[in-house]
Each structure stands twice: as structure tokens, then as C-alpha cells.
Amino acid sequence: MLNKKDFLEFCDQLMAIEIEMEHESIELMRHIDNEEAVNILQKIASDERRHEKIVREIKKIINKHYV
């Protein structure tokens with residue numbers, strides 16, 4: 001069974017992935033001239049920011065309620 005430390009480490013790994021995906025989406029936008037593709041990448045970057053916030057909230061819950 002996972003303990004609090006394991007859950008928090010997992011969340012840190014998720015956070016790193018979300019941040020990297022947001023940065024990659026933004027970097028791709030700089031190299032693409034296709035408006036439709038850029039719009040999709042903007043949505044992906046926005047989703048990654050939202051996912052990052054969700055992971056932060058999960059970490060707060062784990063820290064508050066998990067022994």
C-alpha cells in the first residue's frame with residue numbers, strides 16, 4: 001500500500017510532466033504557422049495549467065488528510 005510520501009512523490013512526478021507538457025506546447029506554437037494547430041496547442045497548454053492546479057489541490061488534500 002502506498003504511504004503519504006509515495007503519494008506526494010507521485011504527485012511531484014505528475015506535476016513535472018504537466019509543466020513539461022505545457023512548455024513543450026508553447027515551444028511548438030513558436031514554430032508553427034498553421035492557425036488551427038496553434039489554437040489546439042493553446043488549448044493543450046491551458047489544459048496542462050489546469051492539470052497542474054488539480055495536482056496542487058490533490059497534494060493539499062493528501063497533506064491535510066493522509067497520515
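Taken together, the values in this text are just the output of simple stated rules run on the coordinates, not laboratory data. Since the model is a prediction, treat every value here as computed from it, not as a measurement. Here the Cβ is made from the backbone with ideal geometry for all residues, glycine too, and neighbour counts use every protein chain on show.
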Next on the checklist: If the elastic network links every pair of Cα atoms under 10 Å, which of ASP47, ASP33, ASP12 fluctuates the most in the Gaussian network model of the chain?
Outcome noted: ASP33
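Around TYR66, under 12 Å between beta carbons, what's the net of Lys plus Arg minus Asp minus Glu among the other residues? Kindly include the intermediate steps, with their values, before the conclusion.
On the way: positive: LYS4, LYS5, LYS59, LYS60, LYS64; negative: ASP6.
Counting the neighbours of TYR66, the net charge comes to +4.
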Item to check | Inter-part distance where the range 1-21 and the range 27-67 are each reduced to a Cα centre, Å | outcome: 15 Å
Next on the checklist: Given the options PHE7, HIS51, ALA37, identify the residue whose Cα lies farthest towards the positive end of the charge dipole of the chain (+1 on Cβ of Lys, Arg; -1 on Cβ of Asp, Glu).
Outcome noted: PHE7
Checklist entry - Counting Lys +1, Arg +1, Asp -1, Glu -1, what net charge surrounds GLU48 among other residues with beta carbon under 11 Å of its beta carbon? => result -2
Checklist entry - Which whole-number percentage describes the relative contact order of the chain, with Cα contacts under 8 Å and a sequence gap of 6 or more? => result 46 percent
Checklist outcome for this item: Footprinting proxy, HIS31, HIS23, HIS51: sorted fewest to most Cβ within 10 Å, the residues are HIS31, HIS23, HIS51
Next on the checklist: Less than 29 Å apart at the alpha-carbon level, and either on another chain or at least 8 residues along: which lysines does that give for LYS4?
Outcome noted: LYS53, LYS59, LYS60, LYS64
Checklist entry - What trypsin sites (Lys or Arg not before Pro) in the chain are in a loop by DSSP, with at most 10 other Cβ atoms within 10 Å of the Cβ? => result ARG30
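If you stretched the chain out fully between ILE40 and GLU9, how much longer would it get, using 0.36 nm times the residue separation minus the C-alpha to C-alpha distance? Write out the running numbers ahead of the final one.
Working: separation 31, 0.36 × 31 = 11.16 nm, distance 3.04 nm.
Residue separation times 0.36 nm, minus the Cα-Cα distance, leaves 8.1 nm.
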Next on the checklist: Placing unit charges on C-beta atoms (Lys and Arg positive, Asp and Glu negative, everything else neutral), compute the dipole magnitude of the range 4-65 about its Cα centre in debye, rounded to 20.
Outcome noted: 620 debye
